[in-house]
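Here's the structure, in structure tokens; my notes come after.
The values are calculated or read from the model by the stated rules, or taken from the named source; none is laboratory data. Bear in mind that the values here come from a model prediction, so they are computed numbers and not experimental data. Neighbour counts run over all protein chains shown; Cβ positions are idealised from the backbone, glycine included.
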Amino acid sequence: MSRNMGIDIAVDLKGFTQDQRMGIFSYRAAPIQVSYLGYPGSTGAPYIDYVVADKTVIPQASQPCYSEKIAYLPNSYQVNDSSRKISDKVVTRSELGLPECGFVFCCFNNNHKIVPSTFDSWMRILDRVPGSVLWLLQDNPTAAGNLRKEAASRGLDPHRLVFAPRTDVAEHLARHRAADLFLDTLPYNAHTTAVDALWAGLPLLTLEGQTFAGRVAASVLQAIGLPEMITRSEADYESLAVALASNPEQLQAIRSRLAANRLTQPLFDTRLFAGHIEALYARMYDRFHAGLEPDHIDVGL
């Protein structure tokens, strides 16, 4: 059907993940085939010509690790919807199960992204910030119980871990207002959850990794003009988290800049992004019709 329709570029949004349809691409649905967004890495598939990225998630030194050629966007590779609604509903901390006083760290990533090294960092941060709590997504009661047991085994009061049930997206975005700082995970960063936090006005702290999946939060922070929230060592990550929790003026300055940048920097400029990705697809199309093999391409600023 795709061939009969004369599709020039077929874009896969899943890679080798649940409900994927890579078999269609293996039969060449279009003369140019591209991997984008859903699979943060190389498919390793010889029939995928390009992967859409940016220079943070795939630096030049990492190009040999990819079977695809890299199609670079100028800001963050991640597309974002600048029209998403945030509920006006006002909910108190106590209604969310949080203490009215004390610093609230949060991470709404899926629980399977919480590996022992990340959890160890979080527990050391909580230990250094008296009265603070860590607000996590409740994937299921078993995971919540196990995480509380792990906190206790590290000498922390398990009730300093608070769990948020899943809810309506607009209300979920609104409840970010009850948190003070989003703590990212490694080796698999916050992706959608990172931009959720930033869209809701909540500062995000990340530790930049060595792979695509571990560099996404750094990409979105660069694109919203907050590069100082990107750390590159576990020690710096923990120290900055503690410093921000201990210095309200410093954190407020970052929060104010996030509010100012939210609609002025590229991250949430959907129309700008559309123009850039269209230009990228045009470059792929022009190369193909000029008889050239796929190669790394870059849509500059």
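Data table
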read-out: Subset tally (residues that are farther than 18 Å from V216 by Cα, modelled with pLDDT of 95 or more and aromatic (F, W, Y)) for region 1-49; value: 3
read-out: Conditions (1) in contact (Cβ under 8 Å) with a residue 24 or more places away in the chain; (2) outside the structural domain of T185 (by TED's automatic domain parsing); (3) over 22 Å from the mean Cα position of the chain (by Cα); (4) outside any loop (DSSP other than H, G, I, E, B); number of the one not met by R124; value: (2)
read-out: Flag for E293 being in the same structural domain as S42 (by TED's automatic domain parsing) and in a loop (DSSP other than H, G, I, E, B); value: yes
read-out: Residue within region 272-291 that is in contact with a strand residue (DSSP E or B) (Cβ under 9 Å, 6 or more places away or on another chain) and without any contact (Cβ under 8 Å) to a residue 24 or more places away in the chain present; value: yes
read-out: Some residue of region 154-176 being assigned by TED's automatic domain parsing to the domain that holds Q222, β-branched (V, I, T) and more than 19 Å from R93 (Cβ to Cβ); value: yes
read-out: Count of residues meeting criterion [crowded, with 17+ Cβ neighbours inside 10 Å, polar (S, T, N, Q) and either touching a residue at least 40 places away in the same chain (Cβ under 8 Å) or not assigned by TED's automatic domain parsing to the domain that holds C101 (or both)] in region 240-271; value: 1
